1. What's the total number of residues in the range 38-82 that are part of a helix (DSSP H, G or I), under 18 Å from Asp7 (Cα atoms) and of a type in the set (Lys, Arg)?
2. May I ask you to verify whether Leu23 is at pLDDT below 95, of a type outside the set (Val, Ile, Thr) and farther than 25 Å from His191 by Cα?
3. Look at the range 207-236 and say how many of its residues are polar (S, T, N, Q) and either over 23 Å from Ala22 (Cα atoms) or under 11 Å from the mean Cα position of the chain (by Cα) (or both).
4. Restricting the range 158-181 to residues that are charged (D, E, K, R) and in contact (Cβ under 8 Å) with a residue 40 or more places away in the chain, which is nearest to Asp104 (Cα to Cα)?
5. (1) in contact with a strand residue (DSSP E or B) (Cβ under 9 Å, 6 or more places away or on another chain); (2) β-branched (Val, Ile, Thr); (3) loosely packed, with under 15 Cβ neighbours inside 10 Å: which one isn't true of Ile223, the others all being true?
6. Need the failing condition index for Lys77 against (1) farther than 25 Å from Thr172 by Cβ; (2) surrounded by fewer than 21 Cβ atoms within 10 Å (Cβ to Cβ); (3) at pLDDT 95 or above, just the number.
7. Does at least one position in the range 189-204 carry a residue that is farther than 26 Å from Lys84 by Cα and either in contact with a helix residue (DSSP H, G or I) (Cβ under 6 Å, 6 or more places away or on another chain) or of a type outside the set (Ser, Thr, Tyr) (or both)?
8. Among the residues of the range 187-206, which ones are more than 10 Å from the chain's Cα centre (by Cα) and surrounded by 21 or more Cβ atoms within 10 Å (Cβ to Cβ)?
Amino acid sequence: MSIILEDVMFTYQPNSPYEYKALKRINLEVNEGDFIGLIGHTGSGKSTLIQQFNGLLKPTSGKISVDGIDITAKGIKLKEIRQKVGMVFQYPEHQLFEETVFEDIAFGPKNMGIVQEGITKRVKKAMAMVSLEYERYKEQSPFVLSGGEKRRVAIAGVLAMEPKYLILDEPTAGLDPRGRDEILAQIERLHRNEGITVVLVSHSMDDVARLAGRLIVINHGEIIYNDTPRKVFMESQTLQNIGLDIPTVGKLMLSLKDKGWPVRTDLLTIEEAKEEILKVVRGPVKNA
């Protein structure tokens, strides 16, 4: 099953002097099991796009379906869709409001009408999924936790509703390096171990290069690339022209290439770069 957008357009303040076309005929499919990176300059339409996935914003025109259900149709129950398509906004800890970690994570399941035994089970599972020890954290106030811990509580609150799709808008924004690495590791584990479909909006080319299996580039409300990170980042000049960058490893390999090193320039990770550089340094294997 999948999330499918067909000719989706979205206009802010239509028929006014402030009319702005944020999305222009978007055609996109998010397949079950995908890990998609979504990148674009500020104001490119990334956040507007992901809010179409569960009906937070209704398209001006076009059709959106989630697992075969047309969510743009009249009378559709978006509450059920939003349980299936979980959204984690930028700085989600600003939405924490309950007195304890348990109550905050339990908020969504309670609103779903789940009985207390089921709520406790879901909270425990969600906390385990983001590596928060249940007995240690359940009675703590979320407001005394570190930034990374608050972010994990917020993500657990979404996971407690057991979504099939997890949409994350800059989930590491404002975190220190340790907190950032922890959150990314949790997201990677959720995809790998729990089979959750992930769409990750990020300004970090290094992160999406390492994590995503598919990379979508949006510019002025239009998708200009939808391919593997390796292929997309080979278009370094175009990306630079629209205000984006390429991964650090890619820049290193291009620099070595310019200096005459016979290296590949489509590499994305430190491990790949290390292997390639060692291969060049050691030179070709000679026959005995």
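1. Going through the range 38-82 one residue at a time, the tally reaches 1.
2. no
3. 2
4. Ranking the candidates gives Glu162 first.
5. Result: Ile223 fails condition (3) only.
6. (3) is the only condition that Lys77 fails.
7. Looking for residues that are farther than 26 Å from Lys84 by Cα and either in contact with a helix residue (DSSP H, G or I) (Cβ under 6 Å, 6 or more places away or on another chain) or of a type outside the set (Ser, Thr, Tyr) (or both), one finds none in the range 189-204, hence no.
8. Listed by number, the residues that qualify are Ile196, Met205.
The values are calculated or read from the model by the stated rules, or taken from the named source; none is laboratory data. Note that the structure is predicted; figures quoted are calculated from it, not measured. Virtual Cβ from ideal backbone geometry, glycine too; neighbours counted across all protein chains shown.
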